[in-house]
Amino acid sequence: MLKVQNLTKLFEKNRAVSGATFDVARGELICLLGPSGCGKSTLLRMIAGLALPDAGRIDIDGKDVTEAQANRRPTAMVFQSHALWNHMTVAQNVAFGLRVQGLPKPEIAEKVAAALTLVGLDGFARRRPAELSGGQAQRVALARCLVVEPKVLLMDEPFSALDAHLRANLREELKALQRRLRLTTIFVTHDQEEAMELADRIVVMHAGRIEQIGRPGDLYLEPQTLTVARFIGQMNEATVTLKAGRADWLGQPVALPAPDGPVTLLCRPEDLQRDRAGIDVRVTRVIDLGPMIRVTVATDEGAALTWVCGREGQPQTGAPLTLRPSRLLAYRDGQRLGTAAPVANRIMAERV
Amino acid sequence: MTSDANPAGRSGAVRTMHLKENLAGLALVAAPLGLLLVLILLPTVSMVWNTFQVPVEGGTVTGIARYQAFFADSYSVANLRYTLIWTLISCVTALAISLGISLYLRFSEGRIATMIHALSLFPLFVPAIIISYALVRFLGPNGLLQLLLEQVGITGYRTPYLTPIGPFIGFVWENIPLPVLVITAGLSQVSDHAIEAARDLGAGAWRILFEILLPQVHRSLLIAFALIFLGVIGAYTVPYLLGPPAPEMMGVFMQRTLGNLQRPDEAQVQAVILMVLSSIVGGFYIATMLRGEVGRK
Ligand SMILES: Nc1ncnc2c1ncn2[C@@H]1O[C@H](COP(=O)(O)OP(=O)(O)O)[C@@H](O)[C@H]1O
Ligand SMILES: [Mg+2]
């Protein structure tokens, strides 16, 4: 449906986006995820035609639109804020795209009413944008795009100006609507929770480059680069030296079939378990998150680790523990090297 | 019932407080208002009253004979028509140019744009008389423009000096800054995203101009129009220095009637007619302002 190849945009030698390549299938929702300033908006604006790429190619539905102006592309975009026209009513805002297409008035009225129903704003047709809440304004902006039936719907952090509760509700509604209408959508966000919840696939960006493309679960379990591993979810990280396929991670011997050299090993908080054969630590902080407990611990050498556990067996601050990592992701030069497995530690070996 | 009485009593107290505040406010404006009344309104009323006093043998009667005389005099009517037409042409031209400059400034940034912005406000700091003399030296016979044209071989330059075009150029020059200020302020209310959203939905440049940008500044345009109109219709210096000897703008005509011809009665009639025209536009200005106020509520 949408095909982006090697797309690059420079702002005075500063590479805002470089070599972005990905596909979006019909009816798929793709999230562009990355920290602020990594080039998400620039990439989206190139797809919309609001910025022209310095290199690369964009195809929509098999047609090359790389050079086409924004008003000649079958895309429609929802912006973060302030994009409604204040001098028009809600209905006039939504009708705009149809009037541009020259549709007859009765047909416009019908489609506008249908679009407003779709986004749950029946009876708001004659309001002005100034009389809407932030969430309602974004619904109107969405209706304004949906009504022209774009081949690709683009959304640039549409909910990030709203409060968390409303954001969660709108997210769910959007996902339901997108599924029902089988909308091909690209959704930009810097919020990984939002991306995880919405996306069929996530495109993780960093410093203008695409780091990894994958389904939310795959990104979490198998991050292919160190950047992705650090960006998505929480990690306990330490760089150690690998020698003859063995290394020592904060006192825990691990095995990794790889050439000797430095390697960064990361462990998710939930991949630490209480185990008598493990790393000796002391609890420094206990944070009650409700469904689970987040515990910060310190090793004898002073390294801090984060561990999450259930409500039962909740430790006290200052208590000694032994924790054992069950799964460690290994990276060298920023790229995935494999998965390191813990091996029996020295004390155990002595006992045996 | 008792529960109702309490809020009612409180709202009564609130009303009294509002009244007190209003009274204090009135006291504050009383002095300037009084001055306005004594120094402007009273002389105006007395002058207007005076124009309806027609001298007859042995005294005066109230009537409109003086106005009939004005409208019966073809030269006076020609002056009035000339004033109105060129005031309108000057206003529309100044607004159109200002709109162009403001649109350019809205979509450009950098040094050149800043310079153009500063340049467009420059006439604000130059008195009309200096502008007029500068234009005479530039556009007048054997002025700079004519010399430059002759340098490149263009002869037969006909100076706009002492034709209606002369004051027209002066008025336009004088009246660029104000509309540029109000229109740029209006245009800056339209976010980049609002414009991009229109483009994204298929709108071309003209549609964006007429349906997105202009509606957001049309009130600014109306207000700027009224202010320029009021300034130009009663102008004296520019048409006196640059305009033709006849027909005359009303300001010049009035001054000549009063000063050279020593006919204060006729000058008063001219003044009242000018005042009526101005108050029509002034009323329209106030109506626009009020509509904005109500619209905001
Ligand atoms: N119009 C512009 N001119 C110059 N630099 C820009 C412009 N737009 C974006 N940039 C730069 O490009 C980079 C990417 O920006 P952007 O795409 O907005 O990031 P994101 O949306 O991920 O926060 C940033 O470093 C930003 O400063
Ligand atoms: Mg952005």
Practice item. Among the numbered conditions (1) within 20 Å of B:Val269 (Cα to Cα); (2) without any contact (Cβ under 8 Å) to a residue 24 or more places away in the chain; (3) among the hydrophobic types (A, V, I, L, M, F, W, C), tell me where B:Leu37 comes up short. Key: (1)
Point to revise | All positions within the range A:102-156 that are part of a strand (DSSP E or B) and either more than 18 Å from A:Leu181 (Cβ to Cβ) or open to solvent by 50 Å² or more (accessible area, probe 1.4 Å) (or both) | key: A:Asp156
Revision key, fill the gap. When every residue in the range A:102-126 that is within 14 Å of chain B (Cβ to nearest Cβ) and of a type outside the set (Val, Ile, Thr) is compared, the one nearest to B:Gly202 (Cα to Cα) is A:Gly102
**Study point:** Only listed residue being under 27 Å from A:Ser18 (Cβ atoms) and assigned to a strand (DSSP E or B), chosen from A:Leu242, A:Leu219, A:Leu266
**Key:** A:Leu266
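Does at least one position in the range A:285-299 carry a residue that is touching a residue at least 60 places away in the same chain (Cβ under 8 Å), of a type in the set (Val, Ile, Thr) and crowded, with 18+ Cβ neighbours inside 10 Å?
no
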Review point. Residues in the range A:156-195 that are closer than 14 Å to A:Glu28 by Cα and away from ligand 1 (no atom under 14 Å from the Cβ): how many?
Key: 12
Review point. Does A:Ala16 count as within 16 Å of ligand 1 (Cβ to nearest atom) and closer than 26 Å to A:Pro223 by Cβ?
Key: yes
Practice item. Output the residues belonging to the range A:245-263 that are of a type in the set (A, V, I, L, M, F, W, C), part of a strand (DSSP E or B) and surrounded by fewer than 17 Cβ atoms within 10 Å (Cβ to Cβ). Key: A:Ala255
Exercise for review: Restricting attention to the range A:127-156, report how many residues are charged (D, E, K, R), within 14 Å of chain B (Cβ to nearest Cβ) and under 23 Å from the mean Cα position of the chain (by Cα).
Suggested key: 2
Check your understanding: Within the range B:103-138, which residues are within 30 Å of B:Ala205 (Cα to Cα) and not in a helix (DSSP H, G or I)?
Key -> B:Ser108, B:Glu109, B:Gly110
Check your understanding: Restricting attention to the range B:247-294, and to residues there that are closer than 16 Å to B:Leu84 by Cβ and assigned to a loop (DSSP other than H, G, I, E, B), which single residue is nearest to the chain's Cα centre (by Cα)?
Key -> B:Met249
Practice item. Name the single residue, out of those in the range A:1-14 being over 25 Å from A:Pro74 (Cβ atoms) and within 16 Å of ligand 2 (Cβ to nearest atom), that is nearest to the other protein chains (Cβ to nearest Cβ). Key: A:Phe11
Practice item. Being in a loop (DSSP other than H, G, I, E, B) and within 10 Å of chain A (Cβ to nearest Cβ) is the filter here, so list the residues in the range B:185-228 that pass it. Key: B:Gln189, B:Val190, B:Ser191, B:Leu201, B:Gly202, B:Ala203, B:Gly204
Revision key, fill the gap. Residue count, the range B:185-203, condition open to solvent by 30 Å² or more (accessible area, probe 1.4 Å) and of a type outside the set (D, E, K, R), comes to 5
Practice item. Considering each of B:Pro123, B:Pro141 in turn, give the residue that is surrounded by fewer than 12 Cβ atoms within 10 Å (Cβ to Cβ) and either closer than 21 Å to B:Val238 by Cα or in the same structural domain as B:Ile208 (by TED's automatic domain parsing) (or both). Key: B:Pro141
Review point. Do you know which residues across the range A:36-70 are open to solvent by less than 50 Å² (accessible area, probe 1.4 Å) and either free of Cβ contacts under 8 Å to residues at least 12 places away in the same chain or within 16 Å of ligand 2 (Cβ to nearest atom) (or both)?
Key: A:Cys38, A:Gly39, A:Lys40, A:Ser41, A:Thr42, A:Leu43, A:Leu44, A:Met46, A:Ile47, A:Ala48, A:Leu50, A:Ala51
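Criterion first (within 26 Å of the chain's Cα centre (by Cα) and surrounded by 15 or more Cβ atoms within 10 Å (Cβ to Cβ)) does B:Gly166 satisfy it?
Yes, satisfied.
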Exercise for review: Among the residues of the range A:168-202, count how many are in a helix (DSSP H, G or I) and within 16 Å of ligand 2 (Cβ to nearest atom).
Suggested key: 3
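Yes/no per residue for (1) farther than 20 Å from B:Ser98 by Cα; (2) open to solvent by less than 80 Å² (accessible area, probe 1.4 Å); (3) at pLDDT 95 or above:
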{"residue": "B:His218", "(1), (2), (3)": "no, no, no"}
{"residue": "B:Phe225", "(1), (2), (3)": "no, yes, no"}
{"residue": "B:Pro247", "(1), (2), (3)": "yes, yes, no"}
{"residue": "B:Pro264", "(1), (2), (3)": "yes, yes, no"}
{"residue": "B:Leu277", "(1), (2), (3)": "yes, yes, no"}
{"residue": "B:Gly283", "(1), (2), (3)": "yes, yes, no"}
Check your understanding: Looking only at residues in the range A:86-101 that are assigned to a loop (DSSP other than H, G, I, E, B) and either among the aromatic types (Phe, Trp, Tyr) or facing chain B (nearest Cβ under 10 Å) (or both), which one is farthest from A:Gly120 (Cα to Cα)?
Key -> A:Gln101
Check your understanding: Across the range A:15-59, which residue is farthest from the chain's Cα centre (by Cα) among those that are within 14 Å of chain B (Cβ to nearest Cβ) and either of a type in the set (A, V, I, L, M, F, W, C) or not in a helix (DSSP H, G or I) (or both)?
Key -> A:Leu52
**Study point:** All positions within the range A:157-172 that are crowded, with 22+ Cβ neighbours inside 10 Å and within 12 Å of chain B (Cβ to nearest Cβ)
**Key:** A:Pro158
Review point. Checking A:Met77 against (1) part of a loop (DSSP other than H, G, I, E, B); (2) touching a helix residue (DSSP H, G or I) at 6+ places or on another chain (Cβ under 9 Å); (3) within 16 Å of ligand 1 (Cβ to nearest atom), which single condition isn't satisfied?
Key: (1)
Check your understanding: With B:Gly231, B:Gly292, B:Gly259 as the choices, which residue is of a type outside the set (Phe, Trp, Tyr), modelled with pLDDT of 90 or more and exposed (fewer than 15 other Cβ atoms within 10 Å of the Cβ)?
Key -> B:Gly259
Exercise for review: Scan (1) more than 8 Å from chain B (Cβ to nearest Cβ); (2) more than 25 Å from A:Lys63 (Cα to Cα) for the single condition A:Ala83 breaks and write down its number.
Suggested key: (1)
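The values are calculated or read from the model by the stated rules, or taken from the named source; none is laboratory data. Here the structure is a predicted model, which is why all the values come from computation and not from measurement. Don't worry about glycine lacking a Cβ; one is built from the backbone with ideal geometry, like all the others, and counts go over all protein chains shown. Protein only, heavy atoms only, side chains kept; ligands, DNA and RNA dropped before computing areas. Shrake-Rupley method; radii C 1.70, N 1.55, O 1.52, S 1.80 Å.
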